[in-house]
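Right, one structure below, let's go through it.
The values are calculated or read from the model by the stated rules, or taken from the named source; none is laboratory data. Worth saying up front: this structure is predicted, and the values here are computed from it rather than measured. We place every Cβ from the backbone using ideal geometry, glycine too, and count neighbours over all the protein chains shown.
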Amino acid sequence: MSAKKKIAVVLSGCGVNDGSEIHEAVMTLLAIDRHGAAAQCFAPSILQRDVIDHATGKATHETRNVLVESARIARGQIRDLATFDAKDFDGLVFPGGFGAAKNLCSFAVDGADCNVEPSVAAAIRAMHQAGKPIGALCIAPVVVAKVLGRVEVTIGNDAGTAAAITAMGATHLERGHGEVAVDRASRVVTTPCYMLDASIGQIAEGADHAIAALLELAKEHAPAG
């Protein structure tokens, strides 16, 4: 019996408006388990760009750490992304949520000119160079596009975000509920999730299809050229 594939899941906080989108994160973890793989959560140990009261949608004057907040979703089983080693994992996945665009990179503020948090960029580059697959949900594909440049991704059909992805040198592919875009050359899998007006069932479907595609690529693992 072959060993379980190991998938690193990078979180960006806890809550759609300033961290990881919780439904997307949980459905990703569930899909990994249901497909017979093992998940390990990571997050960068940095301060969040902002903290949002999710009951009112307004910013507060608090400061919170991305790793500490992400640990809520991971039930404490989480590692600092600075310790990530690509050789230990078969795939890397980024759930969405505004934290991906605020904490993992500065896309929420700077658009196509955004900077990517160094440990995030390092993890993406290491997996890409090793020829191992990378997945991203919702808005998180912008992070992958910024780091890799010439890659095909989807965020659904939002024209403004698609234009920013194009400005980064990547190609945007329009996709609907539960659909995935698979760039076999770059070994990248993306799906829109809450970038569309989705139900939690549609989020589960998108996460499941993305993880299934990611694990298929992992089986075909070959070093990147």
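Please state which one of Ala218, Ala198, Ala185, Ala212 is modelled with pLDDT of 95 or more and either in a strand (DSSP E or B) or under 16 Å from the mean Cα position of the chain (by Cα) (or both).
Working: Ala218 fails: either in a strand (DSSP E or B) or under 16 Å from the mean Cα position of the chain (by Cα) (or both); Ala198 fails: either in a strand (DSSP E or B) or under 16 Å from the mean Cα position of the chain (by Cα) (or both); Ala185 fails: either in a strand (DSSP E or B) or under 16 Å from the mean Cα position of the chain (by Cα) (or both).
Exactly one residue qualifies, and that residue is Ala212.
Inside the range 125-149, can you point out the residues that are assigned to a helix (DSSP H, G or I) and more than 17 Å from Thr171 (Cβ to Cβ)? First the steps, then the outcome.
Step one: list which residues in the range 125-149 are assigned to a helix (DSSP H, G or I), which gives 125-129, 141-148.
Arg125, Ala126, Met127, Gln129 - these are the residues of the range 125-149 that are assigned to a helix (DSSP H, G or I) and more than 17 Å from Thr171 (Cβ to Cβ).
Within the range 33-70, being under 17 Å from Ala210 (Cβ atoms) and either under 14 Å from the mean Cα position of the chain (by Cα) or assigned to a loop (DSSP other than H, G, I, E, B) (or both) holds for His35, Gly36, Ala37, Ala39, Cys41. Only residues that are of a type in the set (Gly, Ala, Ser) and either over 19 Å from Thr166 (Cβ atoms) or assigned to a helix (DSSP H, G or I) (or both): list them for the range 106-120, please. Across the range 106-120, the qualifying residues are Ala108, Gly111, Ala112, Ser119.
Only a single item in (1) assigned to a strand (DSSP E or B); (2) free of Cβ contacts under 8 Å to residues at least 60 places away in the same chain is not met by Leu92, and it is number (2). Across the range 186-215, the qualifying residues are those that are without any contact (Cβ under 8 Å) to a residue 24 or more places away in the chain and loosely packed, with under 14 Cβ neighbours inside 10 Å, and the one among them that is nearest to Val151 (Cα to Cα) is Asp197. For Arg79, the conditions (1) outside any helix (DSSP H, G or I); (2) farther than 16 Å from Met127 by Cβ are fulfilled apart from (2).
Taken as a whole, the structure places Gly169 among residues that are farther than 26 Å from Ala37 by Cα, in contact (Cβ under 8 Å) with a residue 12 or more places away in the chain and either touching a Pro at 6+ places or on another chain (Cβ under 6 Å) or part of a loop (DSSP other than H, G, I, E, B) (or both).
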